[in-house]
1. Over the chain, what is the relative contact order in percent, taking alpha-carbon pairs closer than 8 angstrom and at least six residues apart?
2. Where is the GNM fluctuation largest for the chain (alpha-carbon springs, 10 angstrom cutoff): 102, 55, 20?
3. So for 31, 161, fewest C-beta neighbours within 10 Å to most, what's the order?
4. So which residue, out of 112, 120, 152, gets the largest mean-square fluctuation from a GNM of the chain using Cα contacts under 10 Å as springs?
5. Suppose each label sits 7 Å from its Cα in the direction of the beta carbon; what would the residue 8-residue 144 distance come out to in nanometres?
6. Using a Gaussian network for the chain with springs between C-alpha atoms less than 10 Å apart, which of these wobbles most: 129, 114, 50?
7. Considering Cα pairs under 8 angstrom that are at least six residues apart, work out the relative contact order of the range 42-137 and quote it in whole percent.
């Protein structure tokens, strides 16, 4: 995020409060502060929420650059509001522009990997064969409603299947014939 607090006048604004608590889905927030003109930052950098008192001469500004990581399980939208308020004894002629909000839609992503093996190099007609099919979500987000599909070869008859998912994930317990299953996989989980 880039947060700019500026003073359009008509008076200097020492002790102006700049704050941004950041959404809970943003973790590990760090920030830097750069002053322009005669403005003064509270510190060149910091961690966590911004709760700073800055000095803003007329026409000058401070810029906070904040960085964090969006939690892998975050959903919906990421809304962040920064505010500025002049210090005591100072009147702000336009308080309506003392906050700004940025909203981003979160688009979860998952990287699915599937493997299939029967552990054999040759199959004997008339004998049973067992396939092991493993679907894995390498993350970073939970995947809901992913399809696991396996159309079995014509020569394979009487097929049944079962599915077990890691805790926190889900798949249908069993079925017959080819597989066309909807699964939910948390990051790092398998079914």
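Read-outs: derived from the displayed coordinates by stated rules, not from any lab. Only a predicted model underlies this, so the values are computations on that prediction, with no experimental measurement involved. Virtual Cβ from ideal backbone geometry, glycine too; neighbours counted across all protein chains shown.
1. Values: 429 pairs, mean separation 33.8, N = 191.
Rounded, it is 18 percent for the chain.
2. Answer for the Gaussian network model of the chain: 102.
3. Values: 31 22, 161 18.
Ascending number of Cβ neighbours within 10 Å: 161, 31.
4. Among 112, 120, 152, the largest GNM mean-square fluctuation belongs to 120.
5. Each label point is offset 7 Å from its Cα along the Cβ direction, giving 4.2 nm.
6. 129
7. Values: 73 pairs, mean separation 20.6, N = 96.
In percent, rounded to a whole number, it is 21.
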